[in-house]
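Shown next, in structure tokens, is the structure this report addresses.
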Amino acid sequence: VVAAMLIYDQKVTIKYGGETIQPGNPKLPDMLRKKSEIGKTSISKRQVITATKMRAVKDLLREYFDVMDVPDDEDGLVRYIVEKFEEQKAHYEELNKRYDGHKYPDHHLVTKALSLMESVLSQRNTALIDRLLKEEDNLLDNKDDMQSVEGFFKNQVQVFDAAVRMEADLRNDLSYLQKEEEANQALNQIRKITVVDAGQSSVYRRIPELNG
């Protein structure tokens, strides 16, 4: 009962086989009671996160995720961070898959964002809070960098793909189009945007030209 009260009040850390166990783990009662399990279970006084760190990490989360409501208690905050960054990681993994077989801009920013998510999620509990604050500048820079990538996949990728398909479809007709100066100029412009400049950030402002 004393152990349960200390866990509930977030005063102690439970480890099982060296791995930190969250209070919501359904196997926790067995770890504390079963003779076959208690030998692998340890209880230690929790390293308290200072109020200054709690405030700093909550401010960072509000800014990074554009939210207002962030948990006030330590365990709730850790769960929230893990949940939100797992979602963010899954989203970046989906974006990363979309580059397969395509020459879309800023692929390196997506892989960089994925590495950043993995860096944050490699830690738990107080170490997770420390890692988040350590990566604060990188996270905010990543958010800014990814805005153009997100905008591309939301608003521009359909036009880009259509232009790539058109250029490929017309390759067999190049001999017929040789005398059509306007058509050749248009195709060269498409190639410049979708092949030469495709991987660069500067291509975003040129993609609207593909509509014409």
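The values are calculated or read from the model by the stated rules, or taken from the named source; none is laboratory data. As the structure is a computational prediction, the values presented were derived from the model and not from experiment. For neighbour counting, all protein chains shown are included, and Cβ atoms are generated from backbone atoms with ideal geometry for every residue, glycine included. Side chains included, ligands, DNA and RNA excluded: accessible areas come from the protein's heavy atoms. Shrake-Rupley method; radii C 1.70, N 1.55, O 1.52, S 1.80 Å.
Binning the C-alpha pair distances of the range 141-186 at 10 Å intervals from 0 yields a P(r) profile of 23, 33, 22, 17, 6 %, listed from the shortest bin outward.
Based on Cα contacts under 8 Å between residues 6+ apart, the range 40-190 shows a relative contact order of 21 percent. Whole-Hz Karplus values for the range 196-209 come out as 5, 9, 4, x, 9, 5, 5, 6, 4, 6, 8, 4, x, 5 Hz, taken residue by residue from phi with 6.51 cos²θ - 1.76 cosθ + 1.60 and θ = phi - 60°; glycine and proline positions read x. Considering the chain at the alpha-carbon level, its Rg and Dmax are found to be 25.6, 89 Å.
A Gaussian network model of the chain, with springs between Cα atoms under 10 Å, assigns the largest mean-square fluctuation among Glu74, Glu182, Glu136 to Glu182. With Cα atoms defining each centre, the range 128-180 and the range 1-45 are spaced 48 Å apart in the structure.
List the trypsin sites (Lys or Arg not before Pro) within the range 1-40 that fall in a DSSP loop (any state other than H, G, I, E or B) and whose Cβ has at most 16 other Cβ atoms within 10 Å. Mind dumping the intermediate values first?
Values: sites: Lys11, Lys15, Lys27, Arg33, Lys34, Lys35, Lys40; in loops: Lys11, Lys27, Lys34, Lys40.
For trypsin sites (Lys or Arg not before Pro) across the range 1-40 that sit outside H, G, I, E and B with at most 16 neighbouring Cβ atoms in 10 Å, the list reads Lys11, Lys27, Lys34, Lys40.
Rounded to the nearest 10 degrees, the angle from helix 51-65 to the longest Cα principal axis of the chain is 30 degrees. GNM remark for the chain: springs join alpha carbons under 10 Å apart, and the peak mean-square fluctuation among Ile129, Ile38, Ile14 falls on Ile38.
The shape of the range 21-100 comes out oblate: with a ≥ b ≥ c from the C-alpha gyration tensor, a/c is at least 1.5 while a/b does not beat b/c. Per residue of the chain, the DSSP helices (runs of n ≥ 4 H) give a summed -39500 (n - 2.57) that works out to -18000 deg cm²/dmol at 222 nm. Of all the options Glu83, Glu180, Glu150, the one that moves most in a Gaussian network model of the chain with Cα springs shorter than 10 angstrom is Glu180. How large a share of the accessible area of the range 1-101, in percent, is made up of carbon and sulfur atoms when the probe is 1.4 Å and the other protein chains stay in place? Carbon and sulfur atoms account for 52 percent of the accessible area of the range 1-101.
Under 5 Å between amide hydrogens, built in the peptide plane, is the criterion, and for Val12 it picks out Arg46 among residues at least 5 positions away or on other chains. Tell me the label-point distance for the pair Val67, Lys97, using the 7 Å Cα-to-Cβ offset, in nm and rounded to one decimal. With each label point 7 Å from Cα toward Cβ, the separation is 2.4 nm.
Here the relative contact order of the range 1-106, from alpha carbon pairs under 8 Å that lie six or more residues apart, stands at 18 percent. In the structure shown, the pairs Lys11/Lys40; Lys89/Lys192; Lys53/Lys143; Lys58/Lys97; Lys58/Lys89 are assessed against 23 Å; a Cα-Cα span above that value is assigned to Lys89/Lys192; Lys58/Lys97.
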